[in-house]
Structures are given as structure tokens and as C-alpha cells.
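Participant: Here's a structure for you.
The values are calculated or read from the model by the stated rules, or taken from the named source; none is laboratory data. Treat the numbers as computed from the prediction; the structure is a model and nothing was measured. Backbone-built Cβ (ideal geometry, glycine too); neighbour counts: all protein chains shown. Just the protein is used for accessible areas: all its heavy atoms, side chains included, with ligands, DNA and RNA removed. Shrake-Rupley method; radii C 1.70, N 1.55, O 1.52, S 1.80 Å.
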Amino acid sequence: MLPINSQYGYSVAHYFLLLALVPLITAKGDDVESHEKIHDADKPPSESQLDLKEVVFVIQSQRNSFHVQQAEKLRKDLLQQTQALQESPPVVLLLHTLSDNEGDWSILPLLPYLSSQFGKNSSWIMFLEEDTRVKLQKLNKVLKKFDRRKEWFLGKALHDEESTIIHHYAFSENPVAFEYPDFSAGWALSIPLVNRLTSKIEDEPLKSDFTIDLKHEVALYIWEDGKGPRLTGVPELCTLPEQNPRAQYCATTVSSHSPLCGQPVNCENIFVAVKTCKKFHSDRVPVVKKTWSEQASLLEYYSDYADPSIPTINLGVPNTERGHCGKTFAILRRFLSSHVPKTDWLLIVDDDTLISLPRLQALLSCYDSRVPVCLGERYGYGLGQGGYSYITGGGGMVFSREAVVQLLASGCKCYSNDAPDDMVLGMCLNALRVPVTHSPLFHQARPEDYAREFLAHQTPISFHKHWNIDPIMVFNKWLKNGKHTEGLQKSTKEEL
């Protein structure tokens, strides 16, 4: 979905909007104060009315039972609010139920369906994550400010501080110039824009490319190199915790980005496999030992060279410069063997992955190890043409024992030792119809590769790469328990 040199978007047919300033009633320095509020275009009052039934809500849900439960709670809350407002209920869709197409989560393949079903009788498609919380009355007032007959792309604006690998170094001369939505705050497309994008997709089928950072790629596609609308930042779409006093001015908030569904999984029930090789024994492995390895009860280092001082285990697979598929599948086989203690969970990381195991233990309390679970940061390949999803390896790949059993029983294997292990596993899981489960708390890149405000409302689980950073300092700032909470509290004070 993300070609490096593609063209994006379309031209907006008409533009007329009068801006008015109104007093803002938040504290000095707040985001709501620092933005001009966009008011209704100069049109008859009847044209500015908006019934909630004209808004189609799409919850970006996933197939795993925990995520289904979270999405159902959000749908129930939306419908209860509608009932309390004595309005006709809006359509609330769970994305994972709309079709069997794996690519639906990448949104663009879903637009033709949304256009055909709602393109004539609705005004807005509002996308929500499972953790987004909505105040319907406030949201209705926000959407009324925008002329629904025009093309609008609304959200909470993020931008890169510097060009980043996860965005293919786009806008390297001025990274802050391009804004894209923070999905956690919710984001909206007007129906005219949905209908026009659908025509574009039907005329020019989506390419078979990588989906890496969906929110950025959707914004690029809509913008189409300046021919289509840019994101319009809406200060009432927030990522404050819903209990924050400043959230009273928000139409959306977030519930929590640190799920805990009971007792954290015991560290003795997680087997940790670290992939390394001889040339990194002296620089990367010591970082693991100085940061997070002491949090693990069961951990082994797998290398092309057996070094008893670490110690490392040689699995008989030669080192490769990339891919590491042969090594990963050897780890999967060892996990099910009698050579290691029997545990419910397997975590596979690189030797330059930084991770918080206590936070992972808390997250895993929400998942059932008796069913196949594959958890981490989700990427995609060829999703516009029916491709597959996969867990990108650098941020850490988590497997339930049942998932490993089904993978190996299926006959899934590498076509070469240096094949991309995460993508091969994704193809196999897709063939098995085992869903890949995404958590935004895993990160394939370094903290500086993500928008500051995107990380501000997270308690992250992992980052990846030591390039141009002090990895020990990064671990202590972002992943050592209790350390990031101070920054989180500070950032939420600054948001509004």
C-alpha cells in the first residue's frame, strides 16, 4: 500500500469556508486554545443540522476475543448514549465483521463497501479505535461545523519532528509540514470524500505494497501529492485519559493504553528467545544484560556460535545478513521440545530489541494462551490485493503455545534460511486463518522515529534499533517501570 514514489490523492472540486474565532475556555497553553475553531460555513440553518443517524461509526476492531469484547463495549456505549439523547441510533460497525478480506484493517480496501452502503444517505464515516471513548453530543457539535457537502478529512494532527524510516523518509526537507491523524482520537471522512476515493480505487486498483504506519499512509493517499485534501486538525478530538479534568472540552478521549485483565502472567510462564550472532556478542548482548534480561525468568540467546560466557546456543543454522527465517523456525521447534521448560508463551526478539517484560506480562493477562495468539506490531503486504498481515520482528513477536503448535503442524517452513521470518510466518498464519493481533505498544523503530504526541499517551512495551541512540538511556527513559509515567502525566497536561 505504500510505494515510495507513488502519487497520492485527488483535487478538491470546490472550496468556500468562512472562519470565525470564538473565545476558548481552557487553560493557557492548551491545544484547544492554540487552535482556531472552524465554524459553520455561511449557509441556511437547516443545512447545518446533523442527526447522529447520518454518522456511520466504524470501530477498528480485531478478531481476537479480547479485542472483540472491547469493541462490543464501545458499540454498546455509543448506542446507550444515543438512547439517552433520544435520537435515532447511528450505524455502528465492527470492522472485523464486515468481510473475510484480511486487508480491511488497512481501511482503503474497505472504502468501496462503505460508499456502496452509506454513500447516499449518510454524511460522515467516523473511525474509532477500541480504546477511543466518545461523547456523542460534543462530537455532533464538532461535525456540524463542517459543510458535509464538501470533502473533509478530520482528526487529531500528528507530524514527524524529523524524517523517519517508518515513513520512508518522506518530507525529509521539512518533516513537520505533513500532518496525519492519531487514530486513538478518532478520525472522520465526509461522504463526498469517501465516494470520490472509491471512484479512484475502482479506476486505479490499490498496489501490492507494504503497510507499515497506516495512519500516515492513509493521509498520503488522500492528499495525493497535493491534489487532495490535507488533514484538518480538530482540537476537540483528544487523546487525554477520559478521567482527566481537561477532557471536559473533548469530544473524544482514550480509555487506557496499558490493558490489565487480571493478574499479570507469571514471568516463569514466558520463554524468551533472543536472536543474535557472533559479531554482536560484544556490543548488543551486553545491552540486553544491562537493561531488561534480568526481568526474564527463562531466557536463551541463539547464535551461530556457542559462547559459554554469555551463554549462547548454536542451533546449527548459519548466520544470515537478513531474514533469519531458518533461525526463527529452529527456535519454534526448540520451544516445543523437551530442551526447554514448558510455558504458555514464547517471546522472540532481536538482540537490539528493548522491551519491558513486566508490561508485557500485564498485557498478556488479556489473552488466552489455549487458543492461537500471535501478538505484536502488525504490518501488511499486498493488502489491497488480498495479501497478508504479519508481526514485524524487531518490536518482538509473541506466540501462544497453541499458535506454535498449529504453525509447525501445518508444514509451514522457510523457503531459505535468509527469508524474512516475520513475513513467512504471516503467510503461514494467513493460510491457517489464524489472526495476527496488533498492539500499538510494540514498536519496530526507535522512540525518535514516532511522533512525540503519539507516544505521549502510551505506556510502550518495546522499541527496536540502537542506531544513533544510547540504548540504555532509551530503556531507562521509556521502558523502565514507572519512568515513562512522569512524561505521560506531563504530556496530558499540555494536550489541552
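Participant: Of all accessible surface on the chain at a 1.4 Å probe, what whole percent is carbon and sulfur?
Facilitator: 50
Participant: Sum -39500 (n - 2.57) across every DSSP H segment of at least 4 residues in the chain, then divide by the residue count to get the 222 nm mean residue ellipticity, nearest 500. If you can, show how the numbers build up before the last one.
Facilitator: On the way: 14 runs with 137 residues, N = 496.
Only helices count here, giving -8000 deg cm²/dmol.
Participant: Then there's this: Taking every DSSP beta bridge that has both residues in the chain, what percent is antiparallel when rounded to the nearest 5? Please report the intermediate quantities before stating the final value.
Facilitator: Working: 28 of 58 bridges.
Antiparallel bridges: around 50 percent, rounded to the nearest 5.
Participant: Of Glu151, Glu161, Glu321, Glu173, which has the most accessible area with a 1.4 Å probe, and how do the rest follow in descending order?
Facilitator: I get Glu173, Glu321, Glu161, Glu151, largest accessible area first.
Participant: Here is a follow-up. Can you tell me the accessible area per residue over the chain, all protein chains present, probe 1.4 angstrom, in square angstrom?
Facilitator: Averaged over the residues of the chain, the accessible area is 43 Å².
Participant: Could you order His67, His466 by accessible surface area, starting with the largest, using a probe radius of 1.4 Å?
Facilitator: Accessible-area ranking of His67, His466, largest first: His466, His67.
Participant: To continue, here is another question. Can you list the lysines whose alpha carbon is less than 26 Å from that of Lys480, not counting same-chain residues fewer than 8 positions off?
Facilitator: Lys275, Lys289, Lys290, Lys465, Lys490, Lys493
Participant: Can you give the direction-averaged projected area of the convex hull of the alpha-carbon atoms in segment 270-422, in nm²?
Facilitator: Averaged projected area of segment 270-422's Cα convex hull equals 9.5 nm².
Participant: Now for a different question. Please state, to two decimals, what the Cα-based radius of gyration of segment 350-471 comes to when divided by 2.2 N^0.38 Å (N = residues). Don't jump to the answer; show the numbers that get you there.
Facilitator: Working: Rg = 15.0 Å, N = 122, 2.2 N^0.38 = 13.7 Å.
So segment 350-471 has a normalised radius of gyration of 1.10.
Participant: Oh, and also: Probe radius 1.4 Å, ligands and nucleic acids left out: which of Leu98, Leu189 has the largest accessible area, and how do the rest follow?
Facilitator: Leu98, Leu189
Participant: How much accessible surface area, in Å² rounded to 10, belongs to the heavy atoms of Thr343 with a 1.4 Å probe?
Facilitator: 0
Participant: Another question about this same structure. So in the chain, which Cys have no other cysteine's beta-carbon sitting under 4.7 angstrom from theirs?
Facilitator: If one checks each Cβ against the other cysteines of the chain, Cys267, Cys277, Cys374 turn up with nothing under 4.7 Å.
Participant: Next up: What figure in square angstrom, to the nearest 10, would you give for the accessible area of Lys207 with a 1.4 Å probe?
Facilitator: 120
Participant: Would you please name the trypsin sites (Lys or Arg not before Pro) within segment 311-352 that are DSSP coil residues with at most 15 other C-beta atoms within 10 Å of their C-beta?
Facilitator: Those satisfying the criteria are Arg322, Lys342.
Participant: Still on this structure, please answer the following. Return the loop-located chymotrypsin sites (Phe, Trp or Tyr not before Pro) in segment 181-245 (DSSP other than H, G, I, E, B) with at most 11 other Cβ atoms within 10 Å of their own Cβ; answer none if there are none.
Facilitator: none
Participant: Additional query: Out of segment 357-405, which trypsin sites (Lys or Arg not before Pro) are coil in DSSP terms and have no more than 15 other C-beta atoms within 10 Å?
Facilitator: Listed in order of number, the matching sites are Arg370.
Participant: Let me ask something else. Which entries in Lys73/Lys138; Lys76/Lys120; Lys120/Lys150 show an alpha-carbon gap greater than 23 Å?
Facilitator: Check vs 23 Å cut-off fails for Lys76/Lys120.
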